[in-house]
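Structure first, commentary second.
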Amino acid sequence: MRLRHIKNSENDIKTFPLYLDHQIHNTLNPITSNNVFNNNNPLYLELGMGKGKFITQNAIHNPDINYIGIEKYATVMLYAYKTYQKYAKENFNNLKMMCVDVKDLEQYFMPKNIDKIFLNFSDPWPKKRHENRRLTSKFFLDIYRKLLKTNATIEFKTDNLSLFEFSIESLKQNNYNILYTTYDLHNDKEANKSNIMTEYEEKFSQLDNKIYKLITTP
Ligand code: SAH
């Protein structure tokens with residue numbers, strides 16, 4: 001998501017109650033449900049949360065799950081705070097947001113401690129030479145494998161067919177097990193029942209793009 005940089009956003013994000021300061025966390029003091037939320041509930045991450053509607057609504061609907069939204073741009077995170085503020089009267093405390101690059105996640109989390117990862121409308125990086133930057137390339141799949149608990153899943157949605165097909169190939173090559181795929185999520189009655197739309201999903205489905213989804217486990 002390319003938004004015009006908001007001045008001071010790097011400092012402004014730190015003043016919000018949802019802000020999870022990665023700088024105080026490392027492998028000796030890792031981010032776990034216990035350390036951050038003071039309970040032992042499952043921990044779900046959205047990588048590249050953008051404006052945050054998906055993760056905020058998930059948190060409201062599932063009070064017994066802890067959610068952390070990961071976003072690399074502070075400016076984008078300010079928009080996610082605004083989304084949260086729209087819902088703040090709901091009074092939930094199972095959501096945090098963290099401003100880091102996904103490539104660095106292992107530094108902050110405990111191995112084999114994440115219960116689910118969501119990847120929603122990840123940047124497609126269409127050029128072949130940028131393939132390694134796609135969040136479903138080998139480099140990132142290796143990180144997710146280290147973070148996820150045994151049998152935990154990744155749920156991936158996109159409207160980009162090339163990225164979707166690349167991801168299926170990449171998952172297979174890296175010995176991930178693909179549990180579910182659809183090339184038209186919004187017309188898959190069963191799967192769509194519990195679907196929470198992201199900002200990009202709303203935008204692209206209004207343009208009549210099909211939404212692709214897969215669920216996979218390392
Ligand atoms: N999930 C949202 C936003 C999708 S756009 C939605 O579906 O509406 C992709 C988002 O991922 C952007 O906000 C971008 O800044 C973020 N992003 C891309 N690469 C990232 C990375 N390596 N680490 C953290 N965030 C990343």
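Can I get the semi-axes of the range 1-101's equivalent ellipsoid? Compute them from the C-alpha gyration tensor as square roots of 5 times the eigenvalues, in angstrom, largest first.
Output for the range 1-101: semi-axes of 21, 17, 11 Å.
Segment Y19..E190, full-extension length gain: 58.1 nm, with 0.36 nm per residue of separation and the alpha-carbon distance subtracted.
Here the 3J(HN,Hα) profile of the range 17-34, calculated from phi with Karplus coefficients 6.51, -1.76 and 1.60 at θ = phi - 60°, is x, 7, 5, 9, 7, 5, 5, 8, 10, 7, 5, 7, 10, x, 6, 9, 4, 4 Hz, Gly and Pro shown as x. In a DSSP loop and with at most 11 other Cβ atoms within 10 Å, there are no trypsin sites (Lys or Arg not before Pro) in the range 144-218.
Between K146 and N91, the contour length at 0.36 nm per residue exceeds the alpha carbon distance by 16.5 nm.
Here, P(r) means the percent of Cα pairs in each 10 Å bin from 0 to the largest distance; for the range 130-175 it is 25, 60, 15, 0. Computed from backbone phi, the HN-Hα couplings of the range 157-172 come to 10, 7, 10, 9, 4, 4, 5, 5, 5, 4, 5, 4, 4, 4, 4, 4 Hz, rounded to whole numbers (Karplus: 6.51 cos²θ - 1.76 cosθ + 1.60, θ = phi - 60°; Gly and Pro given as x).
With R₀ set to 45 Å, the beta-carbon distance separating Q206 from L28 gives a calculated FRET efficiency near 0.45.
Taking the Cα centre of the range 100-218 as origin and assigning +1 to Lys and Arg Cβ atoms and -1 to Asp and Glu Cβ atoms, the resulting dipole is close to 420 debye. Its Cα gyration tensor gives the range 3-42 an equivalent ellipsoid. The semi-axes, each the square root of 5 times an eigenvalue, are 26, 12, 9 Å from largest down. With each label modelled as a point 7 angstrom along the Cα→C-beta vector, the E106-K127 pair spans 2.7 nm.
A simple packing score, the average count of other Cβ atoms within 10 Å per residue, orders the peptides 176-185, 47-56, 6-15, 79-88 as 47-56, 79-88, 176-185, 6-15, with the highest score first.
Work out the P(r) tail for the chain: percent of alpha carbon pairs separated by more than 26 Å, whole number. Percentage above 26 Å: 33.
Between the range 107-133 and the range 37-73, the alpha-carbon centres lie 15 Å apart. The Cα-based radius of gyration of the range 106-165, divided by its Kirkwood radius, gives an Rg/Rh of 1.00. Straight-line cross-link reach from K7 at under 22 Å between alpha-carbon atoms covers these lysines, not counting any fewer than eight positions away in the same chain: K51, K72, K82.
Throughout, read-outs are computed from the coordinates displayed, never taken from laboratory work. Just so you know, these numbers come straight off a predicted model, no measurement behind them. Using ideal geometry, Cβ is built from the backbone for each residue, glycine included, and neighbour counts are taken over all protein chains shown.
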